[in-house]
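What follows is one structure encoded as C-alpha cells, with my remarks underneath.
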Amino acid sequence: MSDSDTPLREQIDEAMERIREQLTLLREGPTIGGPSDDRSVIADLEAEYQALKEARTGLGPHDH
C-alpha cells in the first residue's frame with residue numbers, strides 16, 4: 001500500500017512512532033565513543049512530534 005492509499009491518521013501514527021523510536025535512541029546516548037550533544041535534535045523531534053499530535057487531533061471523522 002502506498003502512502004497515498006494509507007489513511008492520513010495512520011500515516012501520522014506511523015510518523016509519531018518513528019519519532020518516538022528516534023527519541024528513545026537519542027536519550028539513551030551513544031553506544032560507541034564519547035558523549036554527544038543531541039539536545040537540538042531532540043528538541044526538533046519533540047516539536048515535530050507535537051505538531052503531528054496536534055494535526056491528528058484536528059482530523060475530522062472522514063480522515064480516519
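A count restricted to region 25-35 and to residues that are open to solvent by less than 70 Å² (accessible area, probe 1.4 Å) and under 17 Å from the mean Cα position of the chain (by Cα) stands at 1. Checking each residue in region 6-47 for being of a type in the set (Asp, Glu) and touching a residue at least 12 places away in the same chain (Cβ under 8 Å) picks out Glu10, Asp13, Asp38, Glu46. If you filter region 48-64 down to residues that are in a loop (DSSP other than H, G, I, E, B) and without any contact (Cβ under 8 Å) to a residue 12 or more places away in the chain, you find that the one that is farthest from the chain's Cα centre (by Cα) is Gly60. Can you work out which of the residues in region 1-27 that are β-branched (Val, Ile, Thr) and either over 20 Å from Glu54 (Cβ atoms) or not in a helix (DSSP H, G or I) (or both) is modelled with the highest pLDDT? Looking at residues that are β-branched (Val, Ile, Thr) and either over 20 Å from Glu54 (Cβ atoms) or not in a helix (DSSP H, G or I) (or both), I get Thr24. Just wondering, is there one or more residues in region 36-47 that are part of a helix (DSSP H, G or I), of a type in the set (Asp, Glu), open to solvent by 90 Å² or more (accessible area, probe 1.4 Å) and modelled with pLDDT of 95 or more? Looking through region 36-47, at least one residue is part of a helix (DSSP H, G or I), of a type in the set (Asp, Glu), open to solvent by 90 Å² or more (accessible area, probe 1.4 Å) and modelled with pLDDT of 95 or more.
The values are calculated or read from the model by the stated rules, or taken from the named source; none is laboratory data. Since this is a predicted model, take the numbers as computed values, not measurements. Here the Cβ is made from the backbone with ideal geometry for all residues, glycine too, and neighbour counts use every protein chain on show. Note: accessible area is taken over every heavy atom of the protein model, side chains too, but ligands, DNA and RNA are not part of it. Shrake-Rupley method; radii C 1.70, N 1.55, O 1.52, S 1.80 Å.
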